[in-house]
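The block underneath contains the structure these notes are about, expressed in C-alpha cells.
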Amino acid sequence: MKKLRLSYSLLNTWDRGDVDGAVATYLHLARPTSRQINEGREIHEKIQKHIDTEGEFPDWFFNWKLGSPETEKELVVNYNEMFDLKCYIDCYDEGVVFEHKTGVSDSLTWTRTWQLPITFLICELAGVECNLGILVHYNQYNEKTDYTVMHNSKIQRDYARNIIDSTGPEIREYFLQKGLI
C-alpha cells in the first residue's frame, strides 16, 4: 500500500479547499508569495540564526531562557498503513515546542489551528518529550510580541488523530487517483 506523508501544512491547505495548493505543498513546488509572506520568512530566518549562534531568542522577539535549543527540528513518524506524519518545529528546547508566527493575527488566533495538536501527536509517536507548546507571535508592523501557551494533553493528541483520520483518506484518495503517490 502506498503511503502519503501528511503534515499540518498539507492538511490545512486541503481543508481550505485549495487542492492545487495542497499538491504544490506535497511536491514542494514554488508558489506565488506576498510581501507579508516574504517578510515573515525573513523574520523567521533572523530568529533561527540568532538562536543557532547565540543560544537564545533575540531580545526584540521573546524573553525565555533556552537550555539546549534545536531549530527547525524535523520529525517524521509512521502513523498507520496509509500515512506517515511530518513536522518541522521552529525551536525545540527541553520538552517545549516553540512556533514562531508573524503578521497581524495574534498568538491566540494561531493556537486555534491544528498545528500544535498535530505536532504534539508527532512528538508522542517519535518518543520526543513534549510538555507544552508556546506559540510566539511577532507583529512586524507595530513591533509587538504576544504569546500563548498550550499544554500537551491526550485531548489535543486525540483531536489531531481525528483530523488525520477524517481528512487524510480524502487527500490520499485524490493523490492516488492523480498518480502523485
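Listing for the model above:
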{"quantity": "Some residue of segment 101-117 being touching a helix residue (DSSP H, G or I) at 6+ places or on another chain (Cβ under 6 Å) and assigned to a helix (DSSP H, G or I)", "calculated": "yes"}
{"quantity": "Close pairs from segment 148-164: first closer than 17 Å to GLY127 by Cα, partner among the acidic types (Asp, Glu), Cβ under 7 Å, at least 6 apart", "calculated": "ARG157/GLU124"}
{"quantity": "From TYR92, TYR138, residue being farther than 17 Å from GLU72 by Cα and of a type in the set (Ser, Thr, Tyr)", "calculated": "TYR138"}
{"quantity": "Answer from THR53, THR33 - the residue that is β-branched (Val, Ile, Thr) and in a loop (DSSP other than H, G, I, E, B)", "calculated": "THR33"}
{"quantity": "Selection within segment 25-57 - exposed (fewer than 15 other Cβ atoms within 10 Å of the Cβ) and in contact with a helix residue (DSSP H, G or I) (Cβ under 9 Å, 6 or more places away or on another chain)", "calculated": "LEU29, ALA30, ARG31, THR33"}
{"quantity": "Pair list, Cβ < 6 Å and 6+ apart or interchain, from segment 62-79 residues that are free of Cβ contacts under 8 Å to residues at least 60 places away in the same chain to residues that are of a type in the set (D, E, K, R) and surrounded by 18 or more Cβ atoms within 10 Å (Cβ to Cβ)", "calculated": "LEU66/ASP93; GLY67/ASP93; PRO69/ASP93"}
{"quantity": "Pair list, Cβ < 9 Å and 6+ apart or interchain, from segment 105-124 residues that are touching a residue at least 12 places away in the same chain (Cβ under 8 Å) and under 9 Å from THR148 (Cβ atoms) to residues that are among the polar types (S, T, N, Q) and in a helix (DSSP H, G or I)", "calculated": "none"}
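Where a number appears in this text, it was derived from the coordinates with a stated rule and is not lab data. Predicted model only: the values in this text are computed from it and were never measured. Glycine gets a Cβ as well: all are built from the backbone with ideal geometry, and neighbour counts include every protein chain shown.
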